[in-house]
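Student: Mind having a look at this structure? Questions to follow.
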Amino acid sequence: MDDSHEDDGRSPVTAFIIRRLLLAVPTLFGVLVVAFLLLYVAPGDPVMAMVGERADEATIARLRAELRLDDPLPVQFGHYIAGIARGDLGKSYITNRPIKRDIIERFPKTLQLAGAAMLLATVLGVTLGVFSARNPGGLIDRLGLAVAYLGISFPVYWVGLLFILLFAVTLHWLPPSGFGGIRYLVLPALALGMRSIAFLARMTRSAMLDSLSADYVRTARAKGLREGLVVGKHALRNALIPIITVLGLDFGAYLTGSILTETIFSWPGLGRYVVNAIARRDLPAIQGSVLFLSAVFVLVNLITDIAYAKADPRVNYA
Amino acid sequence: MRCLIAICLGLLLSGCGGEGDGANRRTLVDSRDNYDPRSLDPALSTDVPTGRAVAYLFDGLTRFTPDAKVVPALATSWDVSADGTVYTFHLRRGVKFTDGTPFVARQVATSWQRVLDPKIKGGRGWPLYPIKGAREFADGKTRTVEGISTPNDSTVVVTLKEPFAIFPKLLAMPVASIAPDHMPANFGENPVGTGPWKLVEWKHDDYLLFSPNADYWGGAPKADSLKARIIAEPSTAVAEFESGNVDVLQIPQGDIRAWEEDAERKKLLASTPSLELVYVAINTTRGPLKDIRVRQAINHAIDRRVLVRNLIAGRGDLAAGVIPSSLPGSDKTRIGYQFDTLRARKLLADAGYPNGIDVELWTSTTPIYVRIAETLQGYLALAGIRAKIVQRESAAAREAARKGQTDLFVKDWYADYPDAENFLYPLLHSANKGVGGNVSFYSNPQYDSLVTLSRREQDETKRVALYTQADELAFREAPMVFLYFYSELNAIQPWIGGFVPPVIFNGQPWTTVTKTTAGHR
């Protein structure tokens, strides 16, 4: 522990990463405590969800005993923490399947969807933003503004259903829903990424407007640099910090919360898993997913912070 | 330029498509499951998607036909002792599980013991509780179930605690299906049964794929394969159906009118008298609701005809009692509570509430029930009943009702087996208060004894007469608002032959369903 905090031949970035990872432990523990307690306070008994519409008190009592739900809360929490320490997230009350396997099976699909949405957002959003900034008030700028309005104001389920109706049912270009090759990915990724495209386009535009009017851009132009290099290398690079912030936050949000998109497009990812688990009061599944998703969020934030340094050498981690 | 790119992209994507054409697809595709099955282990089948899949993979001693008749399956026949307590089931010979294991009587005993075993964590032992010693086994007091014996490989003798004439109907429920006694590890995902289909793969939250069991005793399925897709969002299922990617679609209750009024879509519809009662449980132990007159007033306050017409496009039989009209025991001459606001007000005044009453009207967030609750609120107000709508997510709402914390609760009840007992006993017998299904907390010794007698009665005519009497009593005492029996509506693609939507959810094994030649699109 002591050797983690200071340099001694280690690069400051490594020290920073280690410090942040250590800090993540109490954060995740806090998440765990809150998730655990909230679920016991919230109405809805997992055993009631298991037995369905018709049951009897004796069966319910037996199941409660079998699942150790009658143990005092601290004892239950202790068991749970001990399991986590062994890397065991427990088994689902409803399906009897190990939570870890369920997450491993579903997370890559959520990652794929979030990754595709971010890719679309970056390419379309940044491009739109850059071109809008180059000619403020021009055709592309106005188009970009319209896209931004629509993307930010329309809720994802509405956009999703609209895409299905237009591109799948009416035009037959793409399948309406399901999981498979790239054809199945386009519509959900676009629906999910709409908000980011819109946000990034506006963000990039304003950051680019700032940096395009900066002295170093004028200098670059004055020394006869080609316009493409001026915009791409000098102006855009300096506009990257806010863009990375938005990307990082949105990516984190997509990885942890593409519930509506996954539901509408029947995408078998982690979002739907969590919703089902909540509907059925499957405590171990909810707790395991919340813990896992929090860890993902922490990790994405860390990567974002590291990316700042890559984009802007002035960012300092000492 | 941008337009050009969009067009090119479109052409590119449409060029590599082709699977949208449903008539050329060889797999049958179902879209009715809206969440992933719990497991494929019959002992865990407590919900609809699970039960449906279990019915493809396994057989019980009996099974349901699509029109809800109970017919022999793994048992070819059975004898009942004169006192109605001993059932001798003669088993089908030469049946094999899909792994080659022969089906023998012993497996009936082991399968049912698993259902009752708390370690399996299934939670649905009640269909087997009529068997002598079943509860004791479930409580861990005995090592075997006293009432099940297997004198030879093709005979199972079941002794019941007391006569229960409809017992063979309960054995067609998915939970009573027969599994082999030596199970592969992880049986819930690697099921081995005697059913018409075999599991090919299960992609969680995506689909289950089945292939025909060529050796199925009842004749192998005619189609190449069957895919049960898991589609959470009803609008998405509709889009898949309209794109020709799925063959069967359950029409959401709120969308009925849109389908019936469209000439093209209307041709694809198939109506089924499903055994589903939509009602409002009145908690008979709370405040003014203890008074029969108040409960009758609530029933009189509502114009069910308008409600059924406007909310579900008329697809409901108005209920006058809890027994659906397609089941023996329903009294078709009984006239339901008529919409009469003045009479409702008078009943309330007679009960001592001339200024009306205040009640909480609970509903889950299911859209159709929310709409019903809002409609009821309006009608109740006319009669001086001030209903406050309490909306909760469905697990929370159900739990509150089971704990007796709701005044009125909008809900439904699906039959698990086609018999009036499946409505009379769980919904209103005092033994089932709370978690058993009686969230009206109705308790009437006369009603209880009528229902108990009917369960024991061997003679069908006498049993049905008792059903009618019990139903009549419940109707008069109004422990619920009798709304309607819903007729389920499905859409079936024109290229599908032989699919009859089942009355009971696990009653359609798809064995005789075929795809006709390509053409319609």
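Student: Assuming a ≥ b ≥ c are the square roots of the Cα gyration tensor eigenvalues, decide whether the stretch B:70-159 counts as rounded (a/c under 1.5), prolate (otherwise, with a/b larger than b/c) or oblate.
Tutor: Taking the square roots of the gyration eigenvalues as a ≥ b ≥ c, the stretch B:70-159 is oblate.
Student: Oh, and also: Using the charge dipole of the protein assembly as shown (Lys, Arg: +1 at Cβ; Asp, Glu: -1 at Cβ; taken about the Cα centre), state which of B:Pro273, A:Val33, B:Tyr442 has its Cα farthest towards the positive end.
Tutor: A:Val33
Student: Return the sequence-ordered ³J(HN,Hα) values of the stretch A:45-51 in whole Hz as given by the Karplus equation 6.51 cos²θ - 1.76 cosθ + 1.60 applied to θ = phi - 60°, using x for Gly and Pro.
Tutor: 9, x, 5, 4, 5, 5, 7
Student: How much length, in nm to one decimal, is gained on full extension between B:Thr333 and B:Arg305, taken as 0.36 nm per residue of separation minus their Cα-Cα distance?
Tutor: Result for the pair: 8.3 nm of gain on full extension.
Student: Kirkwood-based Rg over Rh for chain B (C-alpha set), two decimals? Spell out each step's value before the answer.
Tutor: Working: Rg = 24.8 Å, Rh = 24.8 Å.
In chain B, Rg relative to Rh is 1.00.
Student: Rounded if a/c is under 1.5, else prolate if a/b is larger than b/c, else oblate: which is chain A, with a ≥ b ≥ c the root eigenvalues of its Cα gyration tensor? Intermediate results must be reported in sequence, preceding the final value.
Tutor: Values: a/c = 3.28, a/b = 1.53, b/c = 2.14.
Because a/c hits 1.5 or more and a/b fails to exceed b/c, chain A counts as oblate.
Student: Set the Förster radius R0 to 25 Å, insert the Cβ-Cβ distance between A:Phe29 and A:Arg101 as r into 1/(1 + (r/R0)^6), and round the FRET efficiency to 0.05.
Tutor: Once the sixth-power term is evaluated, E becomes 0.55.
Student: Evaluate the charge dipole of the protein assembly as shown about its Cα centre and quote only its size in Debye, nearest 20, assuming +1 on the Cβ of each Lys and Arg and -1 on the Cβ of each Asp and Glu. Numbers along the way, then the final one.
Tutor: On the way: 91 positive and 83 negative charges, 276 e Å.
The calculation lands at about 1320 debye.
Student: Could you tell me what a quarter of the Cα convex hull surface of the protein assembly as shown works out to, in nm² with one decimal place?
Tutor: Orientation-averaged projected area of the Cα hull: 42.7 nm².
Student: Sticking with this one: Antiparallel versus total DSSP beta bridges in chain B: what percent is that, nearest 5?
Tutor: Beta bridges within chain B, antiparallel portion: roughly 75 percent.
Student: Here's another thing I want to ask about it. If each residue of separation counts as 0.36 nm, what is the full-extension length gain between A:Arg68 and A:Ser206 once their alpha-carbon separation is subtracted?
Tutor: 44.0 nm
Student: Please give the FRET efficiency for B:Thr516 paired with B:His182, using the beta carbon to beta carbon distance and R0 = 41 Å, rounded to the nearest 0.05.
Tutor: FRET efficiency, B:Thr516 to B:His182: 0.45.
Student: Only residues of the stretch B:403-423 count here: report those whose backbone N is under 19 Å from the spot 7 Å along Cα→Cβ of B:Ala465, or say none.
Tutor: Hits in the stretch B:403-423 for B:Ala465 at 19 Å: B:420-421.
Student: Could I ask something else about it? Run the helix sum for chain A: -39,500 (n - 2.57) per DSSP H stretch of 4+ residues, divided by residue count, reported at 222 nm to the nearest 500 deg cm²/dmol.
Tutor: Result for chain A: -22500 deg cm²/dmol, rounded to the nearest 500.
Student: Put +1 on the Cβ of every Lys and Arg and -1 on every Asp and Glu Cβ in the protein assembly as shown; which of B:Ala185, A:Gly44, A:Gly288 then has its Cα farthest towards the positive end of the dipole?
Tutor: Of B:Ala185, A:Gly44, A:Gly288, it is A:Gly288.
Student: Take the Cα radius of gyration of the stretch A:187-318 and divide it by 2.2 N^0.38 Å, with N its residue count; two decimals is plenty.
Tutor: So the Cα radius of gyration is 1.40 times the expected 2.2 N^0.38 Å.
Student: As an exercise, use a Förster radius of 45 Å and the Cβ-Cβ distance of B:Ala258 and A:Thr245 to find the FRET efficiency, rounded to the nearest 0.05.
Tutor: Once the sixth-power term is evaluated, E becomes 0.50.
Student: Rounded, prolate or oblate for the stretch A:13-160? Axes are the square roots of the Cα gyration tensor eigenvalues, ordered a ≥ b ≥ c, and the cut-off for rounded is a/c under 1.5.
Tutor: Here the stretch A:13-160 falls in the prolate category.
Bear in mind that the values in this text are calculations on the coordinates, not laboratory data. Computed from a prediction, not measured in an experiment: that's the story for all the values here. Methodologically, a virtual Cβ is constructed for each residue, glycine included, from the backbone with ideal geometry; neighbour enumeration extends over all protein chains shown.
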